[in-house]
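Before any comments, here is the structure.
The values are calculated or read from the model by the stated rules, or taken from the named source; none is laboratory data. Just so it is clear, the structure is predicted and the values come from calculations on it, not from any experiment. Here the Cβ positions follow ideal geometry from the backbone for every residue, glycine too, while neighbour counts run over all protein chains shown.
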Amino acid sequence: MSDLSDWEIPPALQPNPEEYDYDLDATVASVVGIRALVPIDAFTAETLGTERAGNGVLIDGGVVLTVGYLAVEAETIWLTFSDGTAVEGHALGYDQVTGFALVQPLTRLDLPGLPLGNSSATTVGDNVVIAGIGGRECAVAAQIVAKQEFAGYWEYVLDEAIFATPAHPHWGGAAVIGPAGDLIGIGSLQLQAAAQDGEAVPLNMIVPIDILKPVLDDLLTKGRRNQPVRPWLGLYATGIDDTVVVFGLAEGGPAEAADVRAGDVILAVDGETVTDLAEFYRMVWDQGDAGVEVPLTLYREEDTLERTVVSSDRNLLLKGPRLH
C-alpha cells in the first residue's frame with residue numbers, strides 16, 4: 001500500500017473545517033484504505049489487475065462500502081486506517097448493476113459508521129467533500145457540476161450519476177460527503193470535461209448512494225441482489241456520434257461465441273434501431289433475463305449481418321465473493 005504521504009492533497013484544495021456544519025475530522029475518519037489481491041486466473045485479473053488499491057468507507061452496520069472493481073474476485077483484502085494500522089477483511093457482496101461492493105472487516109472496528117444520505121436531494125452547485133484514506137489532508141473540497149446519465153463500456157448504466165470537481169487524484173472508492181455530513185456517493189472514475197476556454201478539466205464520476213439502498217440487505221445477507229440477473233453479452237462498446245461501435249470482447253464470452261467482432265457497428269437490437277450506448281444496453285436488458293437470446297444487426301466492412309447472442313450471467317464467471 002502506498003505511504004499516506006503519497007495521498008496528500010495540495011492545501012488549497014483541502015476542505016476547511018470551519019466551512020462545514022458537521023465535524024469534518026470525525027466524518028472523514030470513517031474512510032479506510034483497501035488493498036486487494038486477486039488470483040491470476042480470475043476473470044477480471046486481465047482487465048483490472050491482480051493487485052488493487054483504493055478507498056472504502058465504514059457505514060452503519062460495521063461493513064465497508066466501496067466501488068466494485070476494488071473487491072470483486074478478491075482472495076485477500078486488507079483494510080488500513082489513518083494511523084497506519086490494518087485489519088483483514090473479506091468480500092461480502094458485489095452488485096454489477098450498481099457497481100458497489102461490501103467488505104466485512106474480520107475485526108471489530110472502533111470507528112463510527114457514516115450514515116447514508118439522500119443523493120437524489122443534492123443539486124448542481126452543492127459543496128461536497130471527496131475523502132480518501134488519510135484524514136482531512138487527503139480530502140478535496142469539491143462541487144457538484146452535473147447530475148446526468150452515464151454509460152460505461154462494460155455494459156453499465158447509471159440513470160443519474162453525480163459529477164464533481166476538483167477531482168480527487170485517488171478517487172476509487174472515495175467517500176463523497178454531502179452538505180449534511182452524510183454519505184451521498186462513492187467515487188468511481190476520473191473523466192475529462194471541456195471547459196469554456198477549451199482546456200480539459202478533470203472531474204470525478206460518483207455512484208449515487210440512493211441506488212444502494214434497495215439492494216443493501218440482499219448484499220449483506222446473500223452477497224448479491226435477490227432479483228433476476230440481466231443478460232450479459234461480453235462486449236465492450238462506445239458511442240461515436242449516433243452509432244455504437246464494438247471495440248473489444250470478453251474472451252470466451254457470449255458475443256465472441258456469436259462471431260461479434262471488434263469494429264462492428266451495432267445497428268439494431270431485435271430490429272429496433274440503436275443510436276446511443278445507454279439505449280443499446282437497455283434494449284438488451286429488455287429482452288429478458290440472463291440466458292435470453294439477443295438478436296443483433298451489425299454493420300461490418302460494408303456488409304449488414306445478423307447475429308444472435310446467447311446471453312449469460314457474468315457473475316457465474318467470477319470468483320466469490322466468498323461468504324465465511
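Values for this structure:
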{"read-out": "Enumeration of residues in the range 1-20 that are at pLDDT 95 or above and not in a helix (DSSP H, G or I)", "value": "Gln14, Pro15, Asn16, Tyr20"}
{"read-out": "Checking Val176 against (1) within 21 Å of Asp210 (Cβ to Cβ); (2) surrounded by fewer than 21 Cβ atoms within 10 Å (Cβ to Cβ), the condition it does not meet", "value": "(2)"}
{"read-out": "Where a residue in the range 161-180 is within 9 Å of Ile130 (Cα to Cα) and not assigned by TED's automatic domain parsing to the domain that holds Leu114 and its partner, wherever it lies, is surrounded by fewer than 24 Cβ atoms within 10 Å (Cβ to Cβ) and β-branched (Val, Ile, Thr), with Cβ under 9 Å and at least six apart", "value": "none"}
{"read-out": "Any strands (runs of 3 or more DSSP E) falling wholly within the range 232-305 and containing at least 3 residues that are in contact with a helix residue (DSSP H, G or I) (Cβ under 7 Å, 6 or more places away or on another chain)", "value": "235-240"}
{"read-out": "Single condition Ala146 does not satisfy, out of (1) small (Gly, Ala, Ser); (2) at pLDDT 95 or above; (3) over 30 Å from Val245 (Cα atoms)", "value": "(3)"}
{"read-out": "Sole residue being within 20 Å of the chain's Cα centre (by Cα) and on the phi < 0 side of the Ramachandran plot, chosen from Ile206, Ile240", "value": "Ile206"}
{"read-out": "Residue check, Asp217 in a helix (DSSP H, G or I) and of a type in the set (D, E, K, R)", "value": "yes"}
{"read-out": "Val260 farther than 16 Å from Val97 by Cβ and either crowded, with 20+ Cβ neighbours inside 10 Å or touching a Pro at 6+ places or on another chain (Cβ under 7 Å) (or both)", "value": "yes"}
{"read-out": "Some residue of the range 74-92 being in contact with a Pro (Cβ under 6 Å, 6 or more places away or on another chain) and hydroxyl-bearing (Ser, Thr, Tyr)", "value": "no"}
{"read-out": "Residue match in the range 249-260 (condition: at pLDDT below 95, small (Gly, Ala, Ser) and not assigned by TED's automatic domain parsing to the domain that holds Gly173)", "value": "yes"}
{"read-out": "Ala29 closer than 13 Å to Cys138 by Cα, touching a residue at least 12 places away in the same chain (Cβ under 8 Å) and small (Gly, Ala, Ser)", "value": "yes"}
{"read-out": "Pair list, Cβ < 6 Å and 6+ apart or interchain, from the range 235-246 residues that are acidic (Asp, Glu) to residues that are surrounded by fewer than 17 Cβ atoms within 10 Å (Cβ to Cβ)", "value": "Asp242/Thr275"}
{"read-out": "Selection status of Gly271, closer than 14 Å to Trp154 by Cα, in contact (Cβ under 8 Å) with a residue 24 or more places away in the chain and of a type outside the set (A, V, I, L, M)", "value": "no"}
{"read-out": "Close pairs (8 angstrom Cβ cut-off, 6 or more residues apart or separate chains): at positive phi in the range 288-310, assigned to a loop (DSSP other than H, G, I, E, B) and surrounded by 16 or more Cβ atoms within 10 Å (Cβ to Cβ) anywhere", "value": "Gly288/Pro231; Gly291/Pro231; Gly291/Ser311; Gly291/Asp313"}
